[in-house]
1. I'd like the orientation of helix 55-72 relative to the chain: the angle between its Cα long axis and the longest Cα principal axis, in ° from 0 to 90, rounded to 10.
2. If R₀ is 35 angstrom, what is the calculated FRET efficiency for the pair Asn55 and Ala166, using the beta carbon separation as r and rounding to 0.05?
3. Compute, for the stretch 72-166, the length of the dipole vector about the Cα centre, with Cβ point charges of +1 (Lys, Arg) and -1 (Asp, Glu) only. Units Debye, rounded to 20.
4. Accessible area per residue of the stretch 94-161 at 1.4 Å probe, in Å²?
5. Hey, got the dipole for the chain? About the Cα centre, +1 on K and R Cβ, -1 on D and E Cβ, debye to the nearest 20?
6. Once Lys and Arg get +1 and Asp and Glu get -1 on their Cβ, which of Ala152, Phe125, Leu70 lies farthest toward the positive end of the dipole of the chain?
7. With the full set of protein chains in place, find how many percent of the accessible area of the chain is carbon and sulfur; take the probe as 1.4 Å.
8. Within 14 Å, Cβ to Cβ, of Ile71, how many net charges do the neighbouring residues add up to if Lys/Arg are +1 and Asp/Glu are -1?
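The values are calculated or read from the model by the stated rules, or taken from the named source; none is laboratory data. Only a predicted model underlies this, so the values are computations on that prediction, with no experimental measurement involved. As a convention, Cβ positions derive from the backbone with ideal geometry for all residues, glycine included, and neighbour counts pool all protein chains shown. Note: areas computed on protein heavy atoms with side chains; ligands, DNA, RNA excluded. Shrake-Rupley method; radii C 1.70, N 1.55, O 1.52, S 1.80 Å.
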Amino acid sequence: MTKPGAQHDAAAPPAGRGSAGGAPRPQPLARSAFRHFLPITTRWMDNDVYGHVNNVVYYSYFDTVVNRYLIERGVLDIHRGAVIGLVVETGCHYFAPLAFPETVHAGLRVTRLGTSSVRYEVALFGGDAPLAAAQGHFVHVYVDRESRRPAALPPPLRAALHDLAA
């Protein structure tokens, strides 16, 4: 039996047991598994009627930590950059609820760096919690802004991503 509030998604199997697809459910990762962190202030509107951050908001936090890192490193110009990253795959596992007014610490790492793509992994930690409340991934394929055809990662972008390699 699961403790109340221990699972974000009541339909998810307990940690360590198989998921609906039969694969083992991942365990929450520790902060030490991540190379970069961004504190994110939750907002009242992030909570849903169940009193915790709605699942769709987690993806917004993922986007925020990745894009802010790239912008702050000077490798993403959202208005005029020659290449842009398109999200082609996402996923998230929920382990514990997050809720307003909690501060979320988003951990970021890169687990695969290809010619024109990158796989980011993100974990969300509530307050000072040592283990992730949620963790997931998304894959960016970088494309030419005009043609939308895959483009090689520019060297400054590749270097910034390399710094996050797990």
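1. Compared with the principal axis, the helix lies near 40 degrees.
2. The formula returns an efficiency of 0.90 here.
3. The calculated dipole for the stretch 72-166 is roughly 380 debye.
4. Working: 2770 Å² over 68 residues.
Solvent-accessible surface per residue comes out at 41 Å².
5. It works out to roughly 400 debye.
6. Checking the options against the dipole of the chain, the answer is Ala152.
7. 56
8. On the way: positive: Arg68, Arg73, Arg80; negative: Asp63, Glu72, Asp77.
Computed value for this residue: 0.
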